[in-house]
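**Q** My questions all concern the structure below.
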Amino acid sequence: MAGSSRIHSHKFVGYEWPFDVAGSWDPSLAFVMAGAIAVTSIGYAVVARRAGPLFAEAFRWPEATGIDARLLIGSAIFGIGWGLVGLCPGPAITSLLLGAPVVYVFVPAMAAGVWFAARIWPWPREKR
């Protein structure tokens, strides 16, 4: 993440693509996303061909395929937080080592949000 500048919030705050392509748009995020999608797609294709996982009894692929209120609300909250602060969870945790003051506010707020969300919307029980 550090090599692609994904831990610097200024790369995301004000990211106006696709609305400002002719202006100050920085295409580096699109290239990083395209690379991530390509690597992940290859990884899923390789793993899906295996008979089973290495360290578990069976694969646990996502079962939910519908779009519901929980998905929409969670996505909106994530997007608003990312747009306001310029950080998402992975880079925020990585940035703790950089000493940026905004991270020391964002990470505890993120943890509190995760804790609170788990109380109002508990995860479904696992099927065993």
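**Q** Tell me the volume per residue, in Å³, of the convex hull enclosing the alpha carbons of the stretch 25-128. Provide the component values of the computation, followed by the final result.
**A** Working: hull volume 18.4 nm³, N = 104.
Roughly 177 Å³ of hull volume per residue.
**Q** Restricting attention to the stretch 57-125, which trypsin sites (Lys or Arg not before Pro) occupy a DSSP loop and are surrounded by at most 11 other Cβ atoms within 10 Å?
**A** Working: sites: Arg60, Arg70, Arg119, Arg125; in loops: Arg60, Arg125.
Counting only loop positions with at most 11 other Cβ atoms within 10 Å, the trypsin sites (Lys or Arg not before Pro) in the stretch 57-125 are Arg60, Arg125.
Bear in mind that the values in this text are calculations on the coordinates, not laboratory data. Predicted, not measured: the structure shown is a model, and the values here were computed from it. Cβ atoms come from the backbone with ideal geometry, glycine included; neighbour counts cover every protein chain shown.
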